[in-house]
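The values are calculated or read from the model by the stated rules, or taken from the named source; none is laboratory data. What you see is a predicted model, and the numbers here were worked out from it, not measured in a lab. FYI the Cβ positions are ideal-geometry reconstructions off the backbone, even for glycines, and counts take in every protein chain you see.
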């Protein structure tokens with residue numbers, strides 16, 4: 001399959017700040033690629049570089065086999081981060097305005113319906129809610145029916161129902177063959193929409209793969225959280241349970257709960273029995289499968305912790321320059 | 001046809017945005033009216049007297065027109081570019097087929113309409129309040145059009161190189177105010193120090209003022225030593241328009257290229 005987006009060794013710095021340090025990335029045609037990462041990780045810089053609105057210091061970008069600046073504009077749709085169109089135009093007028101910039105465009109009324117704003121079409125942008133405003137912006141990005149759609153945090157500020165409207169819309173576009181590259185802080189969004197997910201931290205693409213592969217590789221085991229109704233110190237209880245259950249048992253960070261690791265749903269009864277045998281009362285049991293958020297915390301959280309430590313010790317070779325190799329195996333790492 | 005469609009779509013959005021900013025509309029028209037009332041009706045000109053306003057009222061028509069032809073594009077384009085940049089609108093437009101030149105052309109068209117209407121109001125008020133005797137000619141329309149193109153270009157440059165709307169407005173005023181009074185609009189060349197004359201010649205507004213005066217003020221003194229017409233002998237209404245047109249071309253191109261397309 002031809003690549004819709006092909007970036008090689010992208011490097012970009014702003015003064016002493018390294019925004020991208022050798023990022024390579026390929027997005028196949030028809031793929032939905034979700035880019036996640038902490039604030040300041042370089043996501044927006046990467047998006048700008050891919051869309052031709054920022055020039056990399058080093059590296060090369062091809063979008064639909066052309067340099068971004070040479071690409072026919074009708075073939076790409078972009079929603080910049082913190083985009084704010086003319087506030088005194090209505091939602092309908094804004095979509096008609098952006099449609100009018102292309103030779104061929106989708107019917108603005110259809111786009112308005114697609115983003116769930118038919119009833120608010122005549123409301124000025126400045127009078128729409130934050131979530132409605134963002135949906136207008138998403139509509140403006142896809143009004144030209146692009147082959148490649150690049151969305152920088154498309155659902156920021158949108159309520160859960162509106163978010164699902166946008167998700168269904170993007171899923172429909174992807175099913176019809178549109179390549180979608182989006183950035184998000186919503187791990188559920190990345191997991192639901194992304195055929196593949198890339199985690200960017202400190203300008204490095206530290207992990208890349210399908211959500212399932214990333215979770216398998218980085219998220220750790222499932223866990224059962226046991227909230228005990230006791231004021232006793234948890235450590236002796238933990239050690240006793242661990243030897244009895246043959247599962248890893250940890251005291252959580254707040255030292256208020258026990259975490260029983262790698263427990264399948266069928267094994268929960270064994271844990272309950274072990275607690276009963278010891279006369280331990282509990283107020284709740286919560287079993288959780290690992291998800292993309294655990295991947296994020298495992299990889300980006302580690303990076304942030306290193307950054308904090310580096311800042312504290314004024315280490316000049318801080319995490320901004322850190323190699324992705326330090327994050328270990330898993331997924332489809334660089 | 002495609003380019004026309006894009007410019008029309010942009011201009012339509014710009015027009016709606018402007019007309020819905022009520023205070024902007026009000027002060028665009030009110031500012032020149034204030035000046036005419038203050039200088040034309042209250043201070044009044046004193047032909048033959050000394051000091052400022054010693055010429056007949058018709059002499060100052062280019063100055064009154066310059067208030068809108070100069071200030072409106074400078075402040076509107078300056079703040080519009082800053083607004084677009086702050087809202088990441090240029091980043092969005094850079095990924096659409098609309099070019100920077102088309103964007104500036106659209107803004108210029110909207111400004112031309114606004115300023116043409118304001119210009120008519122100014123001419124009517126000047127005649128009504130000061131009793132100025134002016135000749136209406138198609139040259140006036142041409143000067144307004146070319147002047148707006150020129151100063152829209154300057155406004156785009158200001159907006160592109162200032163870091164905020166406030167900065168753009170302040171810079172517009174800092175550049176516009178000296179130009180307004182030192183371009184043979186309200187202050188004659190004879191009232192300025194001799195060494196200042198070359199600086200007057202560097203101002204595009206000077207050619208606007210000279211040309212509009214030649215076209216609208218039958219009693220205007222033409223062929224003053226050092227002016228274009230005194231050197232070349234061309235019709236001052238035409239010659240000054242050519243020079244203003246050259247300024248307009250240069251500033252429009254620089255203005256369009258200044259608009260940020262990438263970081």
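Would you confirm whether or not the range A:138-151 contains a residue that is assigned by TED's automatic domain parsing to the domain that holds residue A:52 and under 24 Å from residue A:291 (Cα atoms)?
yes
Hey, residue A:96 hits all of (1) within 11 Å of chain B (Cβ to nearest Cβ); (2) closer than 21 Å to residue B:261 by Cβ but one; which does it fall short on?
(2)
Return the total of residues in the range B:102-125 being away from every other protein chain (no Cβ under 14 Å) and over 18 Å from the mean Cα position of the chain (by Cα).
Selection size over the range B:102-125: 2.
In this structure, does residue B:133 turn out to be surrounded by fewer than 18 Cβ atoms within 10 Å (Cβ to Cβ) and part of a loop (DSSP other than H, G, I, E, B)?
yes
Within the range B:1-98, considering only helices (runs of 4 or more DSSP H) that don't extend past its boundaries, which have at least 3 residues that are more than 22 Å from residue A:125 (Cβ to Cβ)?
Because the criterion is at least 3 residues that are more than 22 Å from residue A:125 (Cβ to Cβ), the helices (runs of 4 or more DSSP H) in the range B:1-98 that meet it are B:2-19, B:22-35, B:61-86.
Any residue at all in the range A:39-58 that's part of a strand (DSSP E or B), within 17 Å of the chain's Cα centre (by Cα), within 14 Å of another protein chain (Cβ to nearest Cβ) and buried (at least 17 other Cβ atoms within 10 Å of the Cβ)?
Taking every residue of the range A:39-58 in turn, none turns out to be part of a strand (DSSP E or B), within 17 Å of the chain's Cα centre (by Cα), within 14 Å of another protein chain (Cβ to nearest Cβ) and buried (at least 17 other Cβ atoms within 10 Å of the Cβ).
Within the group B:211, B:159, B:155, which residue is buried (at least 19 other Cβ atoms within 10 Å of the Cβ), over 15 Å from the mean Cα position of the chain (by Cα) and at negative phi?
Unique residue meeting the criteria: B:159.
Collect the residues in the range A:59-70 that are within 9 Å of chain B (Cβ to nearest Cβ) and buried (at least 17 other Cβ atoms within 10 Å of the Cβ), keeping them in residue-number order.
Result: A:68, single match.
So the check is Cβ under 6 Å with 6+ separation or different chains; which pairs have a first residue in the range A:46-62 that's in contact (Cβ under 8 Å) with a residue 24 or more places away in the chain and a second one that's in a helix (DSSP H, G or I)?
A:51/A:68; A:53/B:91; A:54/A:48; A:56/A:49; A:61/A:50; A:61/A:68
Do we have any residue at all in the range A:226-238 that's surrounded by 13 or more Cβ atoms within 10 Å (Cβ to Cβ) and closer than 30 Å to residue A:43 by Cβ?
There is no residue in the range A:226-238 that is surrounded by 13 or more Cβ atoms within 10 Å (Cβ to Cβ) and closer than 30 Å to residue A:43 by Cβ.
Need at least 1 residues that are under 24 Å from the mean Cα position of the chain (by Cα) and at pLDDT 90 or above per element, so show me which strands (runs of 3 or more DSSP E) inside the range A:233-334 make the cut, counting only ones lying wholly within it.
A:282-288
Can you tell which of A:30, A:116, A:22 is assigned to a loop (DSSP other than H, G, I, E, B), under 30 Å from residue A:214 (Cβ atoms) and more than 14 Å from every other protein chain (Cβ to nearest Cβ)?
Within the list A:30, A:116, A:22, the selection yields A:30.
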